[in-house]
Amino acid sequence: MTSEEEKEIIRNVPFMQYFTPQQLEEFHAGGRRLELKKDDLIFNEGDAGDTMYIILAGSIEIFKQNKQIAVRGPGDYFGEMAMIESKPRSAGARVMEDTLLFELDHVVFDHFLNSNTRIVKQFLQTISSRCRVDLDIIDSGYLQLFKSEERYRTIIETISDIVFQVNPDGTIEFINSAVKVLGYEPEELIGKHFTTILNEEKTPFLLEDLLTKRIGPRATTNAEVVFRVNEDNPISEFIDEMFFLVDSHGVWNVRNDLVMKKGAAKKFLGTLCIARDFTERKKNEELMERRKDELETLVYERTKVLEQAKKEAEFANEAKTQFLSRVSHELRTPLNAIIGFSELIVEGGLRTSKEKLIGFAQNILDSGRHLLSLITEILDLSRIESDTIQINITDVDMILTLRELVMNIEPEANRYEVTVTNSTQGMDPVYVKADDVKLRQVVLNLLNNALKYNRKGGTVQVCLRTTSGNTAVLEVEDTGVGIPLEDQHKIFEPFQRLKWEYSDIQGTGIGLTICRRLMNLMKGSIGFTSIPDKGSCFFIELPLGKNRTQSPDDAPVENKQTEPAPTSRKTVMYIEDEPINRALIAACLANLEWIDLHTATTAEEGLELAQKLRPDLVLLDILLPGMNGYSAVAEFKKNPVTRDTPIIALTAQAMQDDIEKIKRAQFDSYLTKPVQLQILNETLSRYLK
Ligand code: ADP
């Protein structure tokens, strides 16, 4: 730009029109040129200023608090106020594009002002109009600011997050309406310390965190805090605190982008926080935590139960194995005798003396009987164990039962040379709740033991008493050998005979085991006291039943008499597929001369033979090849020839279920194998008289 062009621009500045050409020349010579680049700061707000500027080319902006308030172009002047007032600049000026300025200091300017009052007037007019424009600008700026502030206020007041600002000392400077959720009005909290709403015990760290002078938007704190609900305005009597997540960052008096500049003068104004309610989430988390704990406890307990069950199963398995090996051992012992002595008889033949033969046969008989009782008791025990046993509880008269049982064991007592005293003799009936058959089995076992483990000339005392607990206690007391103290805990275990297995005293060691199980099934109990060498007292306890008058059914069973032998000859047919069984029955009946025995190996053959023979009695096996015993008995009973012929089942199937089935079929009676000679004779006599 030439000097003339510069002068031309300066001449057009409003207050310059009153300058003479001479004065313009002087004015032009009194200032200096400044070439500035875009964004160059000409002066800042608050700077001291005793110069003013005329824009020769380009443009500048005037700003206040980082806000642009005016733009000036060529021919405009600025910066004059600070010069006139001799005060720091009220606004800053920055170059907007490459600009050429004409700078005047106050000495030159004062000179021209003093020389021409019209210049002063013009100058004042310019300043005043500019002030008006500036005021308008400021006004509109404030309006915009107000609108935007209102917009932000609406947003802040309607969001559900609590937004608040605290001073560096922790005083609440601002808080929005969302705080009402805690039962506070925002106004009542302004000026109060932040701990008014903070549960410091549960979140002691937060206040300290808030008041830390953190810088910049990234230096935020996230924390879980507990806020206190207003005690004077409880939102619910059950809620006295709520959980929030707080995001906070420091607030400074400078713009964020300037904050990081080194050395920038800045002041910490406090902390701005946004708190979001997470009570629900917290509750869910706690619930989940509790559930997890419960689940863990449950898993722990279940595992314990399972482990226990596993242990018990292993124990039961072990017990079963032991039991089986005992059973096997117990069965082999009598079998060994049976086979051994039988072999001796077979081998020795006629060379063996008659006495020896009888001795061998007696051993075989004893072992056989022992084997039979073993099998019976093992079956009994296994039925009890497998819960297939039926218990039929009725009111049983103990006095009557004892009278019968004591009477029945009398021959046995005589054999052992033991006196049995029944002190219940003549007493009024005492009813207990029990299964009649099972009760007899238990008492008989106790009576038998009291005889077996007694001594010659000893006594057995039977007594009964009732208790205040509505029970009856039966005691069987003997004067026998007693039970050694160290063995007393074993006697209810199966196969525990306490060395009696090496003696002449017959037994299986299962009787008391069965007794205890039966007593439990009948909701009673069994126990004993024993003094070695003095004797034992076994007792059972049962709940009392209802007293009732004795019905004819309760009458003592008549003593069975052996039937007298019939006078005429009788025909008996035995249907059996096993030759050895046929031979045994033939041998048994050989002494009964009044019987003609015929045999058949199948039911079909027997049915046919019966048409011709018209037998007086049929002994019928159940498990036969072809037609079985059940079908055969039905055929016999259908046929007019054999309809009235007594049909006796003779079976090795001695389990309770089998017996029940036989009873339901049309048999007249049944015998179980091994057949006992006396019972066989009695049955034949009864049906053939
Ligand atoms: P067992 O068939 O051997 O008699 P039990 O189960 O009835 O079987 O009895 C188990 C064991 O308890 C007997 O072998 C015996 O050692 C002991 N015992 C039972 N009753 C008496 C008693 N009255 N006196 C002494 N010992 C007894």
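The values are calculated or read from the model by the stated rules, or taken from the named source; none is laboratory data. None of the values given here were measured: they were computed from a predicted structure. Cβ: placed from backbone, ideal geometry, glycine included. Neighbour counts: every protein chain shown.
Based on this model, can you work out whether GLY469 counts as over 19 Å from ASP533 (Cα atoms) and either out of contact with any Lys or Arg (no Cβ under 9 Å at 6 or more places or on another chain) or more than 8 Å from the ligand (Cβ to nearest atom) (or both)? Yes; evaluated as a whole, the condition is true for this residue. Residue pairs whose Cβ atoms lie under 9 Å apart, sitting 6 or more positions apart in sequence or on different chains, and linking a residue in segment 678-689 that is touching a residue at least 40 places away in the same chain (Cβ under 8 Å) and farther than 13 Å from ILE648 by Cα to a partner that is surrounded by fewer than 17 Cβ atoms within 10 Å (Cβ to Cβ) and of a type in the set (Gly, Ala, Ser), are LYS689/ALA565. Look at LEU143 and say whether it is of a type in the set (A, V, I, L, M) and either closer than 18 Å to SER248 by Cβ or surrounded by 15 or more Cβ atoms within 10 Å (Cβ to Cβ) (or both). When the stated conditions are applied, LEU143 does not pass them. Here TYR431 does not fit the description of being among the aromatic types (Phe, Trp, Tyr), surrounded by fewer than 16 Cβ atoms within 10 Å (Cβ to Cβ) and more than 7 Å from the ligand (Cβ to nearest atom). Annotation note: Cβ proximity below 8 Å between a residue of segment 493-506 that is free of Cβ contacts under 8 Å to residues at least 60 places away in the same chain and a residue that is more than 7 Å from the ligand (Cβ to nearest atom) and part of a loop (DSSP other than H, G, I, E, B) (sequence gap 6+ or interchain) occurs for LEU498/PRO484. Going through (1) touching a Gly at 6+ places or on another chain (Cβ under 9 Å); (2) among the small types (Gly, Ala, Ser); (3) modelled with pLDDT of 90 or more one by one, SER373 falls short only on (3).
For segment 506-543, which positions are under 46 Å from the mean Cα position of the chain (by Cα), in a strand (DSSP E or B), surrounded by 22 or more Cβ atoms within 10 Å (Cβ to Cβ) and within 11 Å of the ligand (Cβ to nearest atom)? Across segment 506-543, the qualifying residue is only PHE538. Against the condition of a type in the set (A, V, I, L, M, F, W, C), in a helix (DSSP H, G or I) and surrounded by 13 or more Cβ atoms within 10 Å (Cβ to Cβ), how does ILE358 come out, does it pass? When the stated conditions are applied, ILE358 does not pass them. Residues that are near the ligand (Cβ under 9 Å from one of its atoms) and of a type in the set (A, V, I, L, M) were ranked within segment 479-490; the one that is nearest to LEU379 (Cα to Cα) is ILE483. Against the numbered list (1) modelled with pLDDT of 85 or more; (2) surrounded by fewer than 16 Cβ atoms within 10 Å (Cβ to Cβ), VAL618 comes up short only at (2).
For every residue, the table says whether it meets (1) of a type in the set (A, V, I, L, M); (2) under 17 Å from VAL108 (Cβ atoms).
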| residue | (1), (2) |
| --- | --- |
| GLU8 | no, no |
| VAL13 | yes, yes |
| GLN17 | no, no |
| THR20 | no, yes |
| GLU25 | no, yes |
| LEU36 | yes, no |
| ALA48 | yes, no |
| SER59 | no, no |
| LYS64 | no, no |
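Considering each of VAL460, VAL476, VAL443 in turn, give the residue that is without any contact (Cβ under 8 Å) to a residue 60 or more places away in the chain and within 16 Å of the ligand (Cβ to nearest atom). Going through VAL460, VAL476, VAL443 in turn, just one is without any contact (Cβ under 8 Å) to a residue 60 or more places away in the chain and within 16 Å of the ligand (Cβ to nearest atom): VAL460. Scanning segment 491-500 for residues that are charged (D, E, K, R) and either within 8 Å of the ligand (Cβ to nearest atom) or at positive phi (or both) yields ARG497, LYS499. Every condition in (1) touching a residue at least 24 places away in the same chain (Cβ under 8 Å); (2) surrounded by fewer than 12 Cβ atoms within 10 Å (Cβ to Cβ) is met by GLY58 except one, and the failing one is (2). On the given criteria, is ASN12 within 20 Å of ARG130 (Cβ to Cβ) and exposed (fewer than 14 other Cβ atoms within 10 Å of the Cβ)? It is true that ASN12 is within 20 Å of ARG130 (Cβ to Cβ) and exposed (fewer than 14 other Cβ atoms within 10 Å of the Cβ). Considering segment 606-665, and only residues there that are assigned to a strand (DSSP E or B) and not small (Gly, Ala, Ser), the residue that is nearest to GLN390 (Cα to Cα) turns out to be THR651.
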